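The structure appears right after this line, and notes come after that.
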Amino acid sequence: MINNIPMLTVGALFVIGLYGVLFKRNIIKIAIAVSIIESSTNLFLIVLGYRTGGSIPVYTLAGEFKKMVLPTPQALTLTAIVIGLATTALLLTLIMLLYKHYGTLDVHEIRRLRG
Amino acid sequence: MSWQVHLPALVVSVPLLGAFISIAMVKPRLRNLWFATILVATTILAFLMWRYVAINGTLVYVMGGERWNLTLPSGMTLPIRIIMEVDAFGAFMALAGSIATLASGLFSVRFLDRVNDGNKFVALFFLLFAGMLGLEVTGDFFNFFVFLEIASVASFGLIAFWRDRPEAIEASFKYAVLSTFVALIFLIGVGILYGVYGTLNMAAIAKNMQVGFLEKLALVLFIVSLAMKSGAVPLHMWEPDAYGQAPAGVSCFLVVVGQASLYGMFRIAFSVYGQAFEGNVLAWVIIVLGLLSMFIGVIMAVIQKEAKRLMAYHCISQTGYMLMGIGLGLLALSSSQAMSEYGFTAMKGGIFHIINNAMYKGLLFLTAGSLFYATGTTNLNKLGGLARKMPYTTFMFAVAAAAIAGLPPFNGFVSKLLIYESSFVVHPFLAVVAMVTSILTLASFVKVFQSGFLGPSRDDLNNVREVPLSMVVGMMVLCVMIISLSMMPNWVLANLIEPAARDLVNQASYIQAVMGSGL
Amino acid sequence: MVLGTVYTGFGFWNVYAWVMFFALGALIVLFLRSTGRGDYEKGTYQDEVFYGGNPVPQDGEDLAVPASSSYWGFTKALSRFYDVLVSMHTGILSDYMGILVVTVAVISILILL
């Protein structure tokens with residue numbers, strides 16, 4: 001059970017984020033929810049690469065440990081975090097401009113494009 | 001070893017270089033020159049890559065190393081490096097994409113004079129170009145995700161380029177949230193496959209693929225996320241907004257970027273899963289997505305009043321043809337009899353439709369852009385009688401509209417004919433939907449032609465002129481492509497389409513090109 | 001392989017046959033045109049627009065059929081269907097996300113089970 005807690009956390013974070021994206025009306029909260037989903041994905045990748053009792057995956061620093069955690073998911077996570085940073089910044093910029101134009105942050109009122 | 005083996009890396013890095021240097025260009029003229037140079041250079045590189053692949057077969061390029069794997073002292077080999085793998089299908093997509101991009105870039109050059117921050121436009125344009133070509137040459141799942149995100153982030157910026165218009169920001173925001181979400185579920189799918197197979201190399205995963213629950217889950221995530229990126233119904237809602245609000249040159253470009261996502265979907269369905277996935281469910285899911293896209297896309301297009309929004313809905317319906325054509329190929333994958341009976345024809349039709357759509361849909365968006373440039377609006381209620389004032393634009397629009405509606409003798413007819421005849425074998429209903437869609441396509445373009453170009457001239461449009469030369473040249477590139485695709489269909493089918501279809505079907509050759517004889 | 005001919009496995013398609021067909025059609029049209037009346041004169045009453053007996057409006061805008069009126073009968077006949085379709089495109093981001101999640105669910109049910 002205790003070994004599954006990271007995975008459960010991933011699931012819980014994902015569901016919280018999904019709830020936020022689907023049911024929150026404030027677009028800043030939607031952006032936050034997208035970030036939460038992003039964190040859950042990153043955590044998922046890290047958890048995938050973890051081996052119980054493993055050391056850091058750098059050969060010269062690992063010391064005498066026989067077991068290391070997998071290095072690839074960590075590299076992936078770093079990249080994903082950077083990409084996430086870019087998208088979050090862009091989302092917040094767009095929200096700023098939207099507020100300037102529409103005067104509201106309610107997602108139900110930002111709907112000039114329809115039909 | 002000739003320098004041409006580096007082509008897959010070059011087609012990605014040359015636009016990236018273009019992007020980062022164009023930021024620093026101070027003089028607009030110099031920047032325009034740089035823009036055109038890099039565009040033409042990348043298109044030539046894509047063409048050379050296509051030729052190299054056509055002559056020498058699948059091209060595998062390892063980033064930063066000689067070999068893609070690492071052999072441990074114990075004799076175990078691990079696929080560790082990032083590879084790029086270009087087979088005939090990928091090279092074909094890259095070629096079609098870069099021709100459309102070249103046209104949209106040439107079209108956009110004059111548009112840049114009207115804006116203050118043209119440098120940023122050029123930088124984003126090249127980033128999007130690099131992302132699109134990267135999607136088509138990569139052989140690695142995580143790299144695919146990275147290029148997907150490069151392309152998405154650049155396209156958010158380009159869609160919101162007219163940031164003084166509320167609608168543009170709105171469209172970009174909606175697309176940004178949806179696309180970030182699907183990119184994340186794509187990454188979860190990649191994570192699942194990594195957890196099972198311990199590698200990110202597409203060919204290595206394909207070789208060891210044994211479809212179980214987790215692989216199916218990953219497949220669902222891949223299919224949905226890439227279907228959303230390519231704008232298949234019912235995930236198409238962002239597409240009319242985004243294509244309708246982006247600058248016209250960018251809309252033309254976004255069409256081929258959407259097709260790059262479609263490429264990813266087919267690559268995963270055919271080359272990674274392929275025959276390891278048993279049953280017809282996946283094929284039917286893709287076919288049904290295609291049917292829905294075709295029909296709902298066109299039926300919504302008929303009632304639109306805004307030219308670019310109407311064309312964006314058509315883009316959805318044309319995506320439906322490709323999904324259906326290649327979905328039929330997937331349906332026939334497990335039996336060689338069905339493959340020779342209808343599957344290969346359907347795939348030829350679907351792949352032919354990809355290049356056709358890139359050309360005529362791009363041209364339509366460009367004509368809408370020149371309507372906007374000349375009159376300041378694309379609302380069809382406010383246009384009329386432009387045929388006398390803009391003869392070149394009118395001619396190009398007529399050619400593109402006839403081609404997209406599948407009127408003989410244009411190229412749209414050939415690809416649609418291949419799809420009709422092969423889908424009829426599977427079930428007549430499929431062919432009927434495809435034909436009704438084609439008729440409604442014609443109807444809605446007759447509407448655009450009638451209300452935009454025909455009719456008496458209006459007083460408020462009296463001083464409209466034909467657009468500048470460089471825009472006409474941009475449109476001309478695509479127009480010449482359409483006419484030549486129409487006039488030599490059998491050459492195109494034999495040299496462009498058939499190798500691509502064959503490589504897509506042949507999973508073993510995709511794996512073998514990377515893995516050699518053994519792992 | 002004949003130039004420009006595509007075999008689809010069921011039939012064939014030749015682009016040059018169609019080009020010749022169109023050329024023939026153009027010749028017939030030109031012939032018909034040449035048999036027209038020769039007593040047309042520019043700038044006389046023959047140039048006037050017949051507008052149902054009413055005075056012709058000056059601005060072409062008053063004369064043209066606007067784009068939102070084209071296919072009026074078609075959209076009217078299918079209005080129920082169109083109401084449903086248009087109401088699907090609400091423009092609200094949360095709805096689009098909802099559709100996305102539902103699609104993931106449906107496709108997972110189809111593929112996983």
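Residue-wise test of (1) of a type in the set (S, T, N, Q); (2) crowded, with 24+ Cβ neighbours inside 10 Å.
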{"site": "B:Val86", "(1), (2)": "no, yes"}
{"site": "B:Gly97", "(1), (2)": "no, yes"}
{"site": "B:Ala103", "(1), (2)": "no, yes"}
{"site": "B:Asp113", "(1), (2)": "no, no"}
{"site": "B:Asn119", "(1), (2)": "yes, no"}
{"site": "B:Val122", "(1), (2)": "no, yes"}
{"site": "B:Leu127", "(1), (2)": "no, no"}
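A count restricted to region B:35-59 and to residues that are in contact (Cβ under 8 Å) with a residue 60 or more places away in the chain and surrounded by fewer than 19 Cβ atoms within 10 Å (Cβ to Cβ) stands at 4. Against the criterion of being part of a helix (DSSP H, G or I) and more than 9 Å from every other protein chain (Cβ to nearest Cβ), C:Met97 does not qualify.
Apart from one condition, B:Glu421 fits all of (1) out of contact with any His (no Cβ under 6 Å at 6 or more places or on another chain); (2) closer than 21 Å to B:Met311 by Cα; (3) in a helix (DSSP H, G or I); the exception is (2). Quick one: which residue in C:Lys42, C:Lys76 is within 13 Å of another protein chain (Cβ to nearest Cβ), basic (Lys, Arg), exposed (fewer than 12 other Cβ atoms within 10 Å of the Cβ) and over 30 Å from B:Val414 (Cβ atoms)? That would be C:Lys76, the only listed residue that is within 13 Å of another protein chain (Cβ to nearest Cβ), basic (Lys, Arg), exposed (fewer than 12 other Cβ atoms within 10 Å of the Cβ) and over 30 Å from B:Val414 (Cβ atoms). The residues on offer are A:Leu48, A:Leu85, and the sole one that is free of Cβ contacts under 8 Å to residues at least 12 places away in the same chain and either aliphatic (A, V, I, L, M) or surrounded by 15 or more Cβ atoms within 10 Å (Cβ to Cβ) (or both) is A:Leu85.
With respect to the conditions (1) over 21 Å from B:Ser179 (Cβ atoms); (2) in contact with a helix residue (DSSP H, G or I) (Cβ under 7 Å, 6 or more places away or on another chain); (3) within 12 Å of chain B (Cβ to nearest Cβ), A:Ile37 lacks only one, and its number is (1).
Just wondering, is there one or more residues in region B:317-328 that are modelled with pLDDT of 90 or more, more than 29 Å from B:Leu128 (Cβ to Cβ) and assigned to a helix (DSSP H, G or I)? Within region B:317-328, one or more residues are modelled with pLDDT of 90 or more, more than 29 Å from B:Leu128 (Cβ to Cβ) and assigned to a helix (DSSP H, G or I). Every residue in region B:276-290 that is surrounded by fewer than 21 Cβ atoms within 10 Å (Cβ to Cβ) and on the phi < 0 side of the Ramachandran plot, please. The answer is B:Ala276, B:Glu278, B:Asn280, B:Val281, B:Trp284, B:Val288.
Looking only at residues that are free of Cβ contacts under 8 Å to residues at least 24 places away in the same chain and surrounded by 17 or more Cβ atoms within 10 Å (Cβ to Cβ) in region B:490-517, which one is nearest to the other protein chains (Cβ to nearest Cβ)?
B:Asn490
Residue pairs whose Cβ atoms lie under 7 Å apart, separated by 6 or more positions or on different chains, with the first residue in region A:93-115 and within 13 Å of chain C (Cβ to nearest Cβ) and crowded, with 17+ Cβ neighbours inside 10 Å and the second among the small types (Gly, Ala, Ser) and in a loop (DSSP other than H, G, I, E, B), are A:Leu94/B:Ala160; A:Arg111/C:Gly91; A:Leu113/C:Gly91.
For region B:273-285, taking the residues that are more than 14 Å from B:Leu217 (Cα to Cα) and in contact (Cβ under 8 Å) with a residue 12 or more places away in the chain, the one that is nearest to the other protein chains (Cβ to nearest Cβ) is identified as B:Val285. The set of residues in region B:402-418 being in a loop (DSSP other than H, G, I, E, B) and farther than 21 Å from B:Thr367 by Cβ consists of B:Pro408 alone.
With respect to the conditions (1) crowded, with 20+ Cβ neighbours inside 10 Å; (2) over 23 Å from the mean Cα position of the chain (by Cα); (3) more than 22 Å from B:Phe395 (Cα to Cα), B:Lys447 lacks only one, and its number is (3).
What helices (runs of 4 or more DSSP H), lying completely within region B:153-245, carry at least 2 residues that are more than 7 Å from chain A (Cβ to nearest Cβ) and within 20 Å of the chain's Cα centre (by Cα)?
The qualifying helices (runs of 4 or more DSSP H) are B:166-197, B:213-230, B:238-245.
Only residues that are at pLDDT below 90 and among the small types (Gly, Ala, Ser) were counted in region B:23-59, giving 2. Being within 11 Å of another protein chain (Cβ to nearest Cβ) and on the phi > 0 side of the Ramachandran plot is not true of B:Gly406.
The values are calculated or read from the model by the stated rules, or taken from the named source; none is laboratory data. It should be emphasised that the depicted structure is a prediction, and the values quoted were computed from it without experimental measurement. We place every Cβ from the backbone using ideal geometry, glycine too, and count neighbours over all the protein chains shown.
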